[in-house]
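The values are calculated or read from the model by the stated rules, or taken from the named source; none is laboratory data. This one's a predicted model, so the numbers in the text were calculated from it and none came from an experiment. So basically every Cβ, Gly included, is an ideal-geometry build from the backbone, and we count neighbours across all protein chains shown.
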Amino acid sequence: MIYHFHTDAGQSVVRIEGEAFRHLIKARRSDIGDTLTLRNKAELSSYTYRIETIVRDEATASLVERLPEPSASTRALHLGWCIIDPKNIEKMLPQLVELGVETITFLTCDRTQRNFRLELSRWERIIDASMQQCGRTASMKLIEGKKVSDFLTANPHALILDFAPTPLDSTQISTTQTFLIGCEGGFSPNEQALFDPAKVRRLDTAHVLRSETAAVAIASLALL
C-alpha cells in the first residue's frame, strides 16, 4: 500500500483508530517511530506521519512533511463502456485504475441484459482501495450514462471499437481521448447505423476479445 486515506491528513497530529488501526498498526506491525503516508480525499497531496503513541486500539502520529504533488496521467482517457455482467466489470476496475483511465461512462446498449444493475457505491470503494495500492491520487470517475446515441452526441470525436475491417493505427491510439466499447456480442444493427464508418475500428488481433478484455487492452495501448 502506497498511502492510506485519512480524513484528517494534513493536520499536525492525527489519531489512527478503527479499520485504519487494524490495517496500519496491527496487520503491518508498525511501531512507535515508524512512518506512514496518509492522504485526505479532499486534496491530491499526501503526507508523511511518524507514529508517536500506541495505546490499545488507538495510535497518534505527528506530521513530518507534505510530499510533492504526484505526476498525473499524460492523457485524460475516457471509456464509454456498454454494460456487461457487473461481476466482470468489478474485476477490471483495479487494472483500469492502475493504468490511469480518467473516466468510464456506462451505457445501456441494445444487447445489454436488462437485469444488470450497476453497483457504483461498491465500485467506488474498490477504486479507493486500488488507488491506495498503486499510489494514484486522482480518482477514476464513474458515470451512469444512457444510450449509445446520447454518448456519441456528447462525444462526437470518439472512436468505436467494433468488428470492423480496419484496425486502430498508432496515431489513433496515441491521440484519441475517448473510445466506445460494446457489450458481449457487439453493437446491434440499429446502433451501428449511428456510427460514422471512418470512426469504427478494431483492435489489431486475430482473436475475438471479451468486452472487459478490450477495455483493458485499449487502456494499456493508450496509456502505457
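Only residues that are surrounded by 12 or more Cβ atoms within 10 Å (Cβ to Cβ) and basic (K, R) were counted in segment 42-56, giving 1. Inside segment 130-148, residues that are within 25 Å of V200 (Cβ to Cβ) and buried (at least 17 other Cβ atoms within 10 Å of the Cβ) make up a count of 2. Counting only strands (runs of 3 or more DSSP E) that sit wholly inside segment 110-206, those with at least 3 residues that are in contact (Cβ under 8 Å) with a residue 60 or more places away in the chain are 178-181.
Can you name every residue in segment 190-224 that is of a type in the set (S, T, N, Q) and within 26 Å of the chain's Cα centre (by Cα)? I'd like the intermediate steps shown before the answer.
Looking only at segment 190-224, we keep the residues that are of a type in the set (S, T, N, Q), and these are 190, 192, 205, 211, 213, 220.
Scanning segment 190-224 gives T205, S211, T213, S220.
Quick check on segment 149-163. Is at least one of its residues surrounded by fewer than 15 Cβ atoms within 10 Å (Cβ to Cβ), in the same structural domain as T112 (by TED's automatic domain parsing), farther than 20 Å from D85 by Cα and modelled with pLDDT under 95? Scanning segment 149-163 turns up at least one residue that is surrounded by fewer than 15 Cβ atoms within 10 Å (Cβ to Cβ), in the same structural domain as T112 (by TED's automatic domain parsing), farther than 20 Å from D85 by Cα and modelled with pLDDT under 95. Looking across segment 23-38, not a single residue is touching a Phe, Trp or Tyr at 6+ places or on another chain (Cβ under 7 Å) and either in the same structural domain as M131 (by TED's automatic domain parsing) or at pLDDT below 95 (or both). The requirement of being under 14 Å from A215 (Cβ atoms), assigned to a strand (DSSP E or B) and either modelled with pLDDT of 95 or more or in contact with a Cys (Cβ under 9 Å, 6 or more places away or on another chain) (or both) is satisfied by I104. The residues of segment 170-224 that are of a type in the set (D, E), surrounded by 17 or more Cβ atoms within 10 Å (Cβ to Cβ) and more than 19 Å from N155 (Cα to Cα) amount to a single one, E212.
When we screen R15, R29, R39 for residues that are under 28 Å from E98 (Cα atoms), surrounded by 13 or more Cβ atoms within 10 Å (Cβ to Cβ) and not hydrophobic (A, V, I, L, M, F, W, C), the only hit is R39.
For every residue, the table says whether it meets (1) among the aliphatic types (A, V, I, L, M); (2) under 18 Å from I84 (Cα atoms); (3) assigned by TED's automatic domain parsing to the domain that holds I181; (4) within 9 Å of the chain's Cα centre (by Cα).
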residue	(1), (2), (3), (4)
L99	yes, no, yes, yes
I127	yes, no, yes, yes
C134	no, no, yes, no
T137	no, no, yes, no
L142	yes, yes, yes, yes
G145	no, yes, yes, no
